[in-house]
Amino acid sequence: MLTRLTRSRALRRSLVAALVLALPRIAAALPSPGAPLVVPLATVPELTNTLTLRVQLTCEPAIICGWAGFGVPYDQTQISTLTGTGSAYIDDAGDAVRLSSDVGGTADLLHFTGSNVTYTGIPTLPPVKTTSITVDATNAPAASVPSMNLSTPPQGLLGSYTLAFAGMSMGMVGVTDNVTVGTISVPATPISVAGTLVELGDADADSRPEFLFQNLHGTLTSTSSFSGGYGTTIHSTITATFDVNLRGESLQAVPEPGTALLLAGGLAALGVVSRRR
């Protein structure tokens with residue numbers, strides 16, 4: 001009987017020791033509430049996702065241009081509907097956000113495709129219709145958000161934070177069905193992109209918070225000149241303004257704020273039990 005009791009106590013001590021040794025590894029395996037989050041993003045169909053595309057053309061010298069039927073400047077704006085994807089790297093501890101899936105700002109960048117548009121009334125040309133429109137980012141600079149303090153759903157008040165990405169390089173290409181005007185495009189160039197990061201909470205209760213990048217907007221502009229024939233020069237200005245809303249859910253499950261405390265308490269309690277045994 002004494003031998004059985006001794007064995008039982010020895011087994012309990014072994015189990016307690018194993019748990020004490022395992023808990024730090026379990027705690028380390030869990031992401032802390034302040035660990036960076038990677039959030040795959042996609043455009044929100046029910047919200048605004050547009051590319052406002054303005055084409056301006058002028059011709060000189062005026063005398064020859066007037067004779068050729070291009071005496072009046074051309075200015076027309078069309079709106080394309082965008083759909084697209086991207087990612088966000090949200091670093092709560094570092095108070096920074098990137099529109100990529102990595103801290104280097106190189107992976108899973110913003111990419112959009114647009115619905116086709118048609119430009120009519122261009123002097124000497126039939127209607128020019130795009131056959132494809134794409135808008136792409138080629139980098140993802142960080143937006144500093146000193147006030148960021150993300151909630152861990154469902155605790156606390158959900159916040160929103162102003163974002164300003166300086167030097168985000170973006171370009172737009174619209175391929176057309178016209179031989180003379182083969183593309184309507186803006187080469188990739190650094191611009192300022194602004195918007196708002198909104199915490200949406202954890203509606204499906206899977207510990208993976210959701211976010212909305214609201215009203216992300218920026219403007220791309222390109223100017224060029226080319227020969228219009230008969231000694232004329234055509235000056236072109238392309239202005240592309242995008243306004244999009246992107247939503248996504250974190251890939252990482254975020255532990256409740258009390259998880260670390262519970263683990264610490266468990267360690268302490270097991271230590272006490274071990275000593276008592």
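Points worth noting:
- Of the Cα atoms belonging to the range 36-254, the radius of gyration and Dmax stand at 21.0, 72 Å.
- A crude spin-label estimate for the pair residue 235 and residue 158, with each label 7 Å from Cα along the Cβ direction, gives 5.0 nm.
- When peptides 92-99, 179-186 are ranked by their average number of other Cβ atoms within 10 Å per residue, the highest-first order is 92-99, 179-186.
Just so you know, all these numbers are worked out from the coordinates, no wet-lab data involved. This one's a predicted model, so the numbers in the text were calculated from it and none came from an experiment. Counting neighbours? That spans all protein chains shown, and the Cβs are built from the backbone with ideal geometry, glycine included.
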